[in-house]
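Enquirer: Here it is, the structure, as structure tokens.
The values are calculated or read from the model by the stated rules, or taken from the named source; none is laboratory data. Please read all numbers here as calculations on a predicted model, not as lab measurements. Neighbour counts are summed over all protein chains in view; Cβ atoms, including those assigned to glycine, are modelled from backbone coordinates with ideal geometry. Heads up: the accessible areas ignore ligands, DNA and RNA and are worked out on the full protein's heavy atoms, side chains in. Shrake-Rupley method; radii C 1.70, N 1.55, O 1.52, S 1.80 Å.
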Amino acid sequence: MNLKIAIIGSGPSAFYTAQSLLKINADYEIDIIEKLFSPYGLIRYGVAPDHQSTKNVSRVFERVLNNTNVEFFGGVEINESPTIDEVMEIYDAVVIASGMAKDKKLNISEENKTGYFGATQFVNWYNGHPEYQNLKPNFNTDSAIIIGNGNVAIDCARILVRTINELEDTDITKTAMNSLKKSSIKNVYIIGRRGPLDAKFTTVEIREMGELSDCDSILSKGTIDNIDKKLMNDDMEKQYRILTSFNEEKPINSKKSKTVEFKFHLSPKEFIGAEKISGLKFINNLNPDEELEVIDAGIVISAIGYQGDKLVGVKSDESGKIIHKDNIIKDRLYTAGWAARGPSGVIGTNKHDGSKVAKHIENNVNSKNSPGRIALKSLLELKNKRYISKEEWLKIDQAEVKRASKGSPRLKFTSHSEVFNFLDNIKPVRK
């Protein structure tokens, strides 16, 4: 049964779904449709540039993409043109694996404040996402505040305090590198609403904060005294041991020029500064009647979670998570990954979703002799939409690696126009 299947999105959940489908039937025709010119989603734009080993999973996805029955359509956003309904008309089954790519709001009037960024914005900026290259964060400030107690918060802090030498062997963008070279930031505060035992940092990420070449990681005063050890489970105990290896003040004999301070039991209440941020006021959640705590800072990054974009014709909840039952939205329409379950788990967690969706398709979808790929190409031509084919992506990928400086894995293209200019200046590969 030669089913024609479209997968919307090209991150881990999309590729694990494609991988599972091909294991079931190697003759399935699978088209991966992505709004950006590049595949791999979170691997390319979410994983920190100094964590290259985490990005190695992309090699698994490359093998899937190189399958002769898989095609890539980059630069194609499925929403209003083409719509989900238009795609479903030409395929036997459609899988939505578009992730969640918007920041949750702090809801303290952060909009239009110069110096405020959501973590998604900031991470995408330094990772080269085309939609965030006009962000222009100003690092001409002594201090930065990061709100959130997950790995993304630590990633943002680590990038702010890494030395330029530590970043040279990464795939951080040239724009971000040049901005960080001029940075005046010496102090970064990582803020948690609850206590250290409630933090969602992994032990690997916490341990890494104690190994930075020019930055001390410390705890705010009184942190250890406020930890109730009776509440600890095994995982908490590991985190407790690493956290409490940090001092509650910067070592007197330290020669490191920067400091990251972990502060807990604080909730943001009010920005200081009319248009440009100069600080933030916090409620002490252990003693809410106390006077608000003030931290001066010129940059505030919120890393408190994600929301999804709504797709026309697909029901979702307030967070943007697609409404489904066991990954089934309706007949022949499925969902996987963060779009299905919300922003949870690690990269490998998406394997389960991909396998489940593939089995649903195997058991419930019959071929209706859909035109699939041929019809999609015709539809895009009719709508005058240029797309990036798999062959073109491979050229882009090779060029990024080739133009990188010594030690760096790649120098990314960071805009669709840059990519199209590159493609227009080489021998055409699409027939």
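Enquirer: Quick one: net charge around Phe122, please, counting Lys, Arg +1 and Asp, Glu -1 for every other residue with C-beta under 10 Å from its C-beta.
Expert: Net charge in that neighbourhood comes out at -2.
Enquirer: OK, next. What pairs from Lys136/Lys276; Lys356/Lys390; Lys256/Lys276; Lys310/Lys377 go past 20 Å between their alpha carbons? List each step's numbers first, then the result.
Expert: Numbers: Lys136/Lys276 14 Å; Lys356/Lys390 26 Å; Lys256/Lys276 29 Å; Lys310/Lys377 25 Å.
Lys356/Lys390; Lys256/Lys276; Lys310/Lys377, as the Cα separations exceed 20 Å there.
Enquirer: What is the spin-label model distance, in nm, from Glu381 to His51 if the labels are put 7 Å beyond Cα along the C-beta direction?
Expert: 4.3 nm
Enquirer: To the nearest 20 debye, what charge dipole does the range 1-112 have about its Cα centre, counting +1 at the Cβ of each Lys and Arg and -1 at the Cβ of each Asp and Glu? Don't jump to the answer; show the numbers that get you there.
Expert: Values: 10 positive and 16 negative charges, 123 e Å.
Once rounded to the nearest 20, the dipole reads 600 debye.
Enquirer: Continuing with the same structure: At 1.4 Å probe size, what's the solvent-accessible area of Phe73? Round to the nearest 10 Å².
Expert: Here the residue's solvent-accessible area equals roughly 0 Å².
Enquirer: Related question: Compute the distance in nm between two label points, each set 7 Å from the Cα along the Cα-to-Cβ direction, one at Thr349 and one at Ile328.
Expert: The answer from the label model is 2.5 nm.
Enquirer: Can you show me the helix-derived [θ] at 222 nm for the chain, built from DSSP H runs with n ≥ 4 at -39,500 (n - 2.57) apiece and divided by the number of residues, rounded to the nearest 500.
Expert: Values: 15 runs with 132 residues, N = 431.
Mean residue ellipticity, 222 nm, calculated: -8500 deg cm²/dmol.
Enquirer: For the range 25-154, which whole-number percentage of the solvent-accessible area (1.4 Å probe, protein heavy atoms only) is attributable to carbon and sulfur atoms?
Expert: Details: 1950 of 4720 Å².
Carbon and sulfur: 41 percent of the exposed surface of the range 25-154.
Enquirer: Still on this structure, please answer the following. Find the accessible area per residue for the chain; the probe is 1.4 Å, ligands and nucleic acids are left out, and the unit is Å².
Expert: Numbers: 20490 Å² over 431 residues.
That works out to 48 Å² for each residue.
Enquirer: Pick out, from Tyr132, Leu394, Ile185, the residue whose Cα sits farthest towards the positive end of the charge dipole of the chain, with +1 on the Cβ of Lys and Arg and -1 on the Cβ of Asp and Glu.
Expert: The residue sitting most towards the positive pole is Leu394.
Enquirer: Carbon-plus-sulfur fraction of the accessible area of the range 255-410, 1.4 Å probe, in percent?
Expert: Numbers: 4120 of 8450 Å².
It is 49 percent, rounded to a whole number.
Enquirer: Treat every Asp and Glu Cβ in the range 198-311 as -1 and every Lys and Arg Cβ as +1, leave all other atoms uncharged, and give the resulting dipole magnitude about the Cα centre to the nearest 20 debye.
Expert: 240 debye
Enquirer: To the nearest 20 Debye, how big is the dipole of the range 281-425 about its Cα centre, given +1 on the beta carbon of each Lys and Arg and -1 on that of each Asp and Glu? If you can, show how the numbers build up before the last one.
Expert: Details: 24 positive and 19 negative charges, 244 e Å.
Computed charge dipole of the range 281-425: roughly 1180 debye.
Enquirer: Here's a follow-up. Could I have the simple spin-label model distance between Tyr240 and Asp424, label points 7 Å from Cα toward Cβ, reported in nm to one decimal?
Expert: Placing both labels 7 Å along Cα→Cβ, they lie 6.2 nm apart.
Enquirer: Right, here's the next one. What residues qualify as long-range amide H neighbours of Leu36, i.e. H under 5 Å apart, gap of 5 or more or another chain, H built at 1.01 Å from N?
Expert: For Leu36, whose amide H was placed from the backbone, the distant partners under 5 Å are Gly75, Val76.
Enquirer: Output the antiparallel fraction of DSSP beta bridges having both residues in the chain, as a percent to the nearest 5. Could the numbers behind the result be given before it?
Expert: On the way: 18 of 60 bridges.
So the antiparallel bridges in the chain amount to around 30 percent.
Enquirer: Relative to the longest principal axis of the chain, what angle (0 to 90°, nearest 10) does the C-alpha long axis of helix 390-402 take?
Expert: With rounding to tens, the tilt is 40 degrees.
Enquirer: Relative contact order for the chain: what is it in percent, counting Cα pairs under 8 Å that are at least 6 residues apart?
Expert: Relative contact order comes out at 25 percent.
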